[in-house]
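Enquirer: Sharing a structure, written as structure tokens. Questions coming.
Read-outs throughout are calculated quantities, based only on the coordinates presented, and are distinct from any laboratory measurement. Because the structure is predicted, anything quoted here is derived from the model rather than measured. Here the Cβ is made from the backbone with ideal geometry for all residues, glycine too, and neighbour counts use every protein chain on show.
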Amino acid sequence: MIGLLTKNSQGRYAFYNGFYFTAGDAIEIKLDINHWVQTIIKYKDEDYYLKDFPNLKIEGLTARKVV
């Protein structure tokens, strides 16, 4: 499952089909045209962030669920 991440009404980052990520979930993000990087969703100060990229804005990233 691959999609663009947007923040849903519950404050979680989700795909258009409603599937969302929450703290502790493994996720792969597309950093550029050829590179996917696996990381984990974390939660702090009332928002989510990526464990290995704490300053990267999640909204608008292309991501996929780690199987």
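Enquirer: Tell me, Leu4, Leu50 in order of fewest to most beta-carbon neighbours within 10 Å?
Expert: Lowest count first: Leu4, Leu50.
Enquirer: Further question: Excluding Leu5 itself, calculate the net charge of residues whose Cβ lies under 14 Å from the Cβ of Leu5, where each Lys or Arg counts +1 and each Asp or Glu counts -1.
Expert: Result for the local shell: +2.
Enquirer: Okay, next question. Please check the chain for the longest run free of chymotrypsin sites (Phe, Trp or Tyr not before Pro) that are loop-located per DSSP (anything but H, G, I, E, B) and have at most 12 other Cβ atoms within 10 Å.
Expert: 20-67
Enquirer: Using the eigenvalues of the Cα gyration tensor, what equivalent ellipsoid semi-axes result for the chain when each is taken as the square root of five times the eigenvalue, whole Å, largest first?
Expert: 16, 14, 11
Enquirer: Given the Cα-Cα distance of Leu4 and Asp45 and 0.36 nm per residue of separation, how much length would full extension add, in nm?
Expert: Working: separation 41, 0.36 × 41 = 14.76 nm, distance 2.34 nm.
Between Leu4 and Asp45, full extension yields 12.4 nm more.
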